[in-house]
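Read-outs: derived from the displayed coordinates by stated rules, not from any lab. Keep in mind the model is a prediction, meaning the values are calculated, not measured. Positions of Cβ are backbone-derived with ideal geometry, glycine not excepted, and every protein chain shown enters the neighbour counts.
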Amino acid sequence: MAVKNDMTADFLRSAYGGESMAHMRYLIWGEIAEKEGFPNIKRLFNAIAYAEYVHANNHFHELGEMKGGAGVTAGAVFGVGKTADNLQGAIDGELHEVNQMYPVYLEAARFQNEKGAERSFRFALEAEKIHAVLFARAQEQARQGKDMELGTVYVCPVCGYTEAGDVPDVCPVCGAKKENFKTF
Ligand code: FE2
Ligand code: FE2
Ligand code: FE2
């Protein structure tokens with residue numbers, strides 16, 4: 001099932017671009033965190049990078065066979081800094097998605113009756129809310145020169161739902177089973 005309307009397609013391409021760049025950025029910032037002696041913060045970056053891959057993958061598939069959009073702008077955050085600063089970039093990016101980008105994209109998809117895109121945007125929106133909280137927890141520790149305490153991180157391969165420590169048996173966002181979650 002491919003998207004039918006141009007505006008929703010534009011938003012899917014833009015979201016795909018943003019998620020793709022977030023995926024790479026988090027892997028890069030994770031390596032910096034490791035060098036600073038924060039292996040758990042690196043693990044968090046890696047887990048969330050995977051969640052952003054899930055989002056990019058969902059958006060890409062919703063575009064179906066619709067071509068074009070090579071010049072997509074992705075609204076990315078750039079900057080190589082210390083981990084506490086990189087985490088601020090991560091928090092800003094996630095909050096932009098939570099407060100501005102995905103609510104608008106979601107309403108557009110609803111208005112245009114694009115069920116698949118609506119689902120893809122909703123899945124991402126729910127995960128980004130958690131990402132912002134987890135990154136804020138990491139930043140609190142990094143600012144004091146400490147690594148964060150972090151249990152196993154679980155990521156749903158269907159919607160990108162991300163949880164550290166205890167997770168429910170089924171994904172609260174999409175209903176996928178816990179045994180399919182990827183662990184970090
Ligand atoms: Fe995402
Ligand atoms: Fe995110
Ligand atoms: Fe899920």
*So which residues in segment 84-98 are of a type in the set (Asp, Glu) and either within 15 Å of ligand 2 (Cβ to nearest atom) or within 16 Å of Leu12 (Cβ to Cβ) (or both), if there are any at all?*
Asp92, Glu94, Glu97
*Of residues in segment 125-174 being within 14 Å of ligand 3 (Cβ to nearest atom) and of a type in the set (Ser, Thr, Tyr), the one nearest to Phe60 (Cα to Cα)*: Tyr161
_Could you go through segment 2-18 and let me know if any residue there is of a type in the set (Ser, Thr, Tyr), within 25 Å of Met148 (Cβ to Cβ), buried (at least 20 other Cβ atoms within 10 Å of the Cβ) and in contact (Cβ under 8 Å) with a residue 40 or more places away in the chain._
no
*Would you point out which residue out of Met101, Met66 is surrounded by 13 or more Cβ atoms within 10 Å (Cβ to Cβ) and away from ligand 2 (no atom under 12 Å from the Cβ)?*
Met66
*For segment 121-128, does any single residue satisfy the condition of being buried (at least 17 other Cβ atoms within 10 Å of the Cβ) and away from ligand 1 (no atom under 16 Å from the Cβ)?*
no
*Could you count how many residues in segment 123-143 are more than 14 Å from ligand 2 (Cβ to nearest atom) and touching a helix residue (DSSP H, G or I) at 6+ places or on another chain (Cβ under 7 Å)?*
3
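Here's the yes/no breakdown for (1) in contact (Cβ under 8 Å) with a residue 40 or more places away in the chain; (2) buried (at least 19 other Cβ atoms within 10 Å of the Cβ); (3) over 19 Å from Thr8 (Cα atoms):
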position	(1), (2), (3)
Asn57	no, no, no
Gly71	no, no, no
Lys82	yes, no, yes
Ala109	yes, yes, no
Arg137	no, no, yes
*asked:* Are there helices (runs of 4 or more DSSP H) fully within segment 79-184 with at least 2 residues that are of a type in the set (S, T, N, Q) and farther than 19 Å from Met21 by Cα? List them.
replied: 115-143
